[in-house]
Ligand code: NOJ
């Protein structure tokens with residue numbers, strides 16, 4: 001059996017021209033553009049004729065109205081507006097509302113828009129549907145750990161169907177920010193640290209939501225966020241500035257947004273951060289030069305919540321009018337909750353400060369998406385019965401969650417062997433920990449319309465399996481003890497000694513203890529939840545150590561939205577599972593993995609640090625002149641050499657690295673081969689497609705069926721600009737029966753072998769590539785090829 005992996009993206013293949021910056025208002029409109037259109041629907045002539053005809057009838061105020069968005073529901077940012085939305089919509093003074101949920105609620109405003117406003121222009125309804133709408137799937141960081149684009153497209157599909165039923169035609173997803181700093185709370189919303197994997201998954205999110213056809217009644221427009229480089233917030237502090245070279249911006253941070261645009265994304269959301277001193281929400285370089293001119297994006301850009309008015313705090317203008325002008329001219333077409341486009345743009349157009357064509361262009365881009373979605377023909381949402389999860393919803397949520405659970409460690413225990421999967425010897429199980437029975441935490445942050453009443457906890461799932469043989473003791477709270485919340489609220493830290501003692505007693509009565517520990521999904525992960533400490537919060541570490549001290553075998557199930565600092569557990573607990581926040585069917589899925597009904601196949605997409613001081617920690621480091629043990633390209637330093645690039649008190653390497661994840665079987669890798677020892681530089685530059693293939697045989701050397709994520713890493717050993725010590729450039733999920741082998745091929749071409757040089761040009765150069773294939777970023781099976 002042979003598997004040939006399709007190149008996952010062509011996101012880097014566009015020819016980049018460096019052209020002088022121009023304001024958004026000066027960009028050519030559709031009719032004059034001969035550029036390739038990533039979304040053919042938005043570029044279609046017939047659609048644009050309708051847009052132009054409508055634009056001609058619109059007053060300046062009506063055009064500005066299209067660029068305005070308010071939250072007419074709950075607030076997902078500071079001080080939500082409290083205006084008369086009925087009246088604003090009737091005047092055509094709002095083009096979109098967010099956080100309006102439910103068919104009746106949406107229809108209420110849509111009736112006003114299409115029946116009472118002068119030009120009957122329908123509204124866009126936006127919402128944060130992030131990992132499911134009603135059916136809650138695992139958080140995005142967990143979904144990414146599946147390394148399965150098809151699975152993610154399926155999640156997006158279900159979410160889109162449910163969102164449309166809820167009146168939402170525009171989702172603020174996917175979040176494709178590269179996240180390399182575990183202190184940043186929003187790492188949970190991301191696909192992790194790698195641009196290649198991030199791009200592949202970004203593409204599948206867009207395809208799942210939009211189906212390549214926005215006019216289908218169950219498609220939703222996406223908003224790819226947060227543009228750009230929001231994940232690189234300095235020191236992992238949310239909303240903080242980012243500062244990086246153009247090479248890093250283009251090579252590491254931009255590819256997933258570009259992949260999403262190439263997949264036809266209808267909209268993007270501009271981010272809160274500044275990039276090299278220029279706020280992303282008023283940044284002509286990213287919003288116009290890169291997005292419009294280089295990537296030929298025809299959709300529109302909405303600001304993040306209040307990000308236009310926050311430009312005042314960024315100190316790039318003396319007043320609201322100035323910063324609103326800067327945002328609009330840079331290419332932010334819609335102002336989410338900033339209330340500055342609504343109040344300052346008209347006067348500036350009248351005074352000649354802002355050319356009217358700038359407003360026209362923003363309105364044009366927004367109207368294109370409305371026409372493409374078919375909202376003029378079908379503005380309303382049919383009212384359907386209240387949601388209750390179907391068997392199909394539950395089955396999908398359970399299967400998806402099981403694919404996201406990472407087996408971090410499964411060392412044999414003396415006299416018992418590997419603890420997982422749990423066998424017959426585990427008659428009585430003590431389930432311990434504050435997250436063992438918390439339905440709300442199973443859902444994760446940004447749970448949209450997910451409801452805890454539909455969530456299955458681990459306690460429920462294990463009770464179904466074990467009945468009276470399950471003992472349960474929470475042990476402590478997630479947040480009790482010396483943790484952030486207690487300190488911030490000035491409360492005395494609760495003393496959990498009594499409940500820890502209870503948990504210890506439960507463990508003593510059991511054959512094995514399962515500890516469900518981690519973070520509070522709501523309070524400690526997601527937006528505005530940066531942390532300086534990454535260990536188990538509160539008294540959970542104390543609980544873990546107390547239970548381990550009983551000598552009973554311990555399995556640690558982590559429920560976290562980020563890599564946790566678990567050095568003690570890594571050294572002393574034999575079996576560790578990372579379950580993230582696994583969604584509505586999370587309890588069942590974790591139990592499926594613990595009991596071996598599902599053989600785990602997920603792999604980390606973020607590096608787990610040994611100590612928080614290593615952050616930002618990621619595998620694709622640039623080389624140094626004084627490499628140390630931990631630099632993947634070099635053998636451990638042989639002597640006690642002081643002058644190395646390392647910490648004096650900790651290893652450089654991750655505790656669990658990118659790509660890491662175990663299985664209940666073992667996979668063995670053959671010697672990788674290349675189809676050509678040398679590739680012609682000119683052939684690569686011609687960009688006609690794959691120029692060579694790396695192949696490897698992978699065998700299931702164990703006794704149960706399993707799925708391996710086969711990963712291909714490259715190192716460019718000599719280039720005009722230094723290149724990472726390893727970079728992922730291919731992956732494939734391969735399912736193998738015991739004893740079965742498969743031959744896996746990875747095609748490589750310009751997309752995989754090019755990089756950005758000091759002139760910000762995407763180039764290939766003569767060099768030798770080292771190649772590794774294996775089951776993690778530590779892969780050792782090696783070969784090489786040359787580019788000449
Ligand atoms: C702020 C968040 O940064 C963004 O991700 C979200 O989509 C908007 N608020 C709307 O809720």
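Nothing in this text is a laboratory measurement; each read-out follows from the coordinates by a stated rule. Please read all numbers here as calculations on a predicted model, not as lab measurements. Glycine also receives a Cβ, built like all others from the backbone with ideal geometry; neighbour counts cover every protein chain displayed.
Highest mean first, the peptides 252-265, 555-568 sorted by other C-beta atoms within 10 Å per residue fall in the order 252-265, 555-568.
A Förster distance of 30 Å, applied to the separation of the beta-carbon atoms of residue 428 and residue 704, puts the FRET efficiency at 0.75. As a calculated quantity, the FRET efficiency between residue 37 and residue 380 at R0 = 30 Å, using C-beta atoms, amounts to about 0.55. Of the beta bridges in the chain, as assigned by DSSP with both residues counted there, near 50 percent are antiparallel. With semi-axes defined as the square roots of five times the eigenvalues of the C-alpha gyration tensor, the equivalent ellipsoid of the chain measures 43, 33, 24 Å, largest first. Once you sort the root eigenvalues of the Cα gyration tensor of the stretch 557-617 as a ≥ b ≥ c, which label holds: rounded (a/c under 1.5), prolate (a/b larger than b/c) or oblate (the other case)? Prolate.
Treat the stretch 38-158 as a sphere of radius equal to its Kirkwood radius over Cα pairs and apply Stokes-Einstein at 4 °C in a medium of 1.567 mPa s; give the translational diffusion coefficient in µm²/s, rounded to a whole number.
On the way: Rh = 16.8 Å.
Using the Kirkwood radius from Cα pairs, D works out to 77 µm²/s.
The simple Förster model, with R0 at 51 Å and r as the Cβ-Cβ distance, assigns residue 150 and residue 414 a FRET efficiency of 0.80. Taking the Cα centroid of the stretch 413-430 and of the stretch 735-768, what is the distance between the two, rounded to the nearest whole Å? Cα centroid to Cα centroid, the span is 42 Å. Here the sum of -39500 (n - 2.57) over DSSP H runs of 4 or more residues, divided by the residues of the chain, equals -7500 deg cm²/dmol at 222 nm, to the nearest 500. Report, in degrees rounded to the nearest 10, the 0 to 90 angle that the Cα long axis of helix 497-509 makes with the longest principal axis of the chain. The angle comes out near 60 degrees.
Rounded to the nearest 10 degrees, the inclination of helix 320-330 to the longest alpha-carbon principal axis of the chain is 80 degrees.
Where the centroid of each part is defined by its Cα atoms, how far is the stretch 295-335 from the stretch 79-93 in Å? Measuring centre to centre over Cα atoms gives 20 Å. Pairs of Cα atoms nearer than 8 Å and 6+ residues apart set the relative contact order; for the chain it is 14 percent. Full extension of the segment from residue 50 to residue 611, taken as 0.36 nm per residue of separation minus the current Cα-Cα distance, would add 196.2 nm.
Compared with the dominant principal axis of the Cα atoms in the chain, helix 149-165 is inclined by about 50°. Distance from the alpha carbon centroid of the stretch 152-175 to that of the stretch 204-256 works out to 16 angstrom.
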